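Take a look at the structure set out below.
What follows draws every value from the coordinates through simple rules; no lab data is involved. The structure presented is a predicted model; accordingly, all values stated were derived computationally and were not measured. When we count neighbours, we look across all protein chains shown, and the Cβ atoms used for this are built from the backbone with ideal geometry, even at glycine.
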Amino acid sequence: LFPFDQMDKGTILTVATRYVKELQERVRSLEAAGGNHRSVETVVLVRKPCRPVAPDDGEGSARFLLAAGTPATGNQLPEIEAKLSEDNVMVRIHCEMNGKGLVSRVLTEVEELHLRIVHNDVMPFTASTVIITTMAKVEEGFTVNTEEIVERLNSALYQHSSNNSSGSNNY
């Protein structure tokens, strides 16, 4: 960018400004060439052990309460990560194994979002937790963003844990 000989401040600023403009033009041309492709979009929902609260009460207080790290009363809420890149979606969930049907509930919710599952991996992490990783392709009718994917999966997991409070380790 800069030659190694000494330059005055004005020259340095001129060269730097020209370089920034070149980079901005390059970004514009790359965005235009990309057309209607989606860029990579990622949302991660991480929740520390805390008391169970409904995922959305309309006021945003559930999100605040959970992020505040309130004392645990038994349940560890899930860690959910969703990444969207063009027509591919990757969802990773680390959650408690609480009752039968956990994986089928997650996969059903993913399919209801108009995503076609191409790969799914379920790995027990500890005696009571599981990591579910799902790769999917976007189908016609897909209209949600990564934040909505995470919220829908969080809601489904909350409903599943409410229905299966027995604490069984089957998944």
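Arrange V27, V150 by Cβ neighbour counts within 10 Å, fewest through most, would you?
V27, V150
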Mind listing the phi-derived Karplus ³J(HN,Hα) values for the stretch 12-17, rounded to whole Hz, using 6.51, -1.76 and 1.60 with θ = phi - 60°, and x for any glycine or proline? 4, 5, 5, 5, 5, 5
Packing rank of 129-136, 99-106, where each peptide gets the mean count of other beta carbons within 10 Å, highest leading: 129-136, 99-106
How long is the gain from I131 to M7 if the chain were fully straight, where each residue apart is worth 0.36 nm and the alpha carbon distance is subtracted? 39.0 nm
Tell me, in nm to one decimal, what length is gained between E86 and R116 on full extension, where the rule is 0.36 nm per residue of separation less the Cα-Cα distance? 9.4 nm
